[in-house]
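Have a look at the structure below, then the notes.
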């Protein structure tokens, strides 16, 4: 390893440590990654998350979690505990990177599961469940539109999005949508 590579590597670790020791702030973005879960689940989590004005982060399956005021490593530990307690994952490992440089200027909904482009999707006025899923590229070949889950304020409601009235369900900023995997009969 050259001295130059050593210096860049050392500087990178110092910057990462500085970001990890700062407290997360409302109105900023944090990057959350997960390991110790299946690859299709990993894609659902490894994105930028907005921290709301109230300091909350809307996480798949468990809803809103207080993030503002915590250090990145403390939020990672809290997320691991919440997913284990909810019996969603047995041994997840979260990494949280706080970035003061990234401000969330727009409202978002999170679309995950078996869609072509999981992650945050810009919210617009009068956005529907169908529009959000389509903005994420639509369900992939493994995604079931019969049992779409909408998480709002920690409450999960399932919709059959093959029915037109369910496609028109209005969304709110911060909603999380999960397109689950098809079951053995293809639903």
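We did not get these values from a lab; they are worked out from the coordinates using the rules stated. This structure is a prediction, so every number in the text was calculated from the model and none was measured. Methodologically, a virtual Cβ is constructed for each residue, glycine included, from the backbone with ideal geometry; neighbour enumeration extends over all protein chains shown.
When all C-alpha to C-alpha distances in segment 108-179 are sorted into bins of 5 Å, what percent of pairs does each bin hold, rounded to whole numbers?
The percentages, shortest bin first, are 4, 20, 33, 28, 14, 1.
Taking neighbour Cβ counts within 10 Å as the exposure measure, how do 184, 130 sort from fewest upward?
184, 130
Suppose R0 equals 22 Å; then what is the FRET efficiency for residue 172 and residue 26 from their Cβ-Cβ distance, rounded to the nearest 0.05?
0.75
If I model a spin label at residue 117 and residue 77 as a point 7 Å from the Cα along the Cα→Cβ vector, what separation in nanometres do I get?
3.8 nm
Starting from the Cα of residue 48, step 7 Å along the direction of its Cβ; do the same at residue 66; then give the gap between the two resulting points in nm.
2.7 nm
Want the number for residue 181 to residue 160: 0.36 nm per residue separation, take away the alpha-carbon distance, what's left?
6.2 nm
By average Cβ neighbour count within 10 Å, what is the ranking of 152-161, 170-179 from highest down?
170-179, 152-161
Between rounded, prolate and oblate, where does segment 65-187 land on the alpha carbon gyration tensor, with a ≥ b ≥ c its root eigenvalues, rounded for a/c under 1.5, else prolate if a/b exceeds b/c?
oblate
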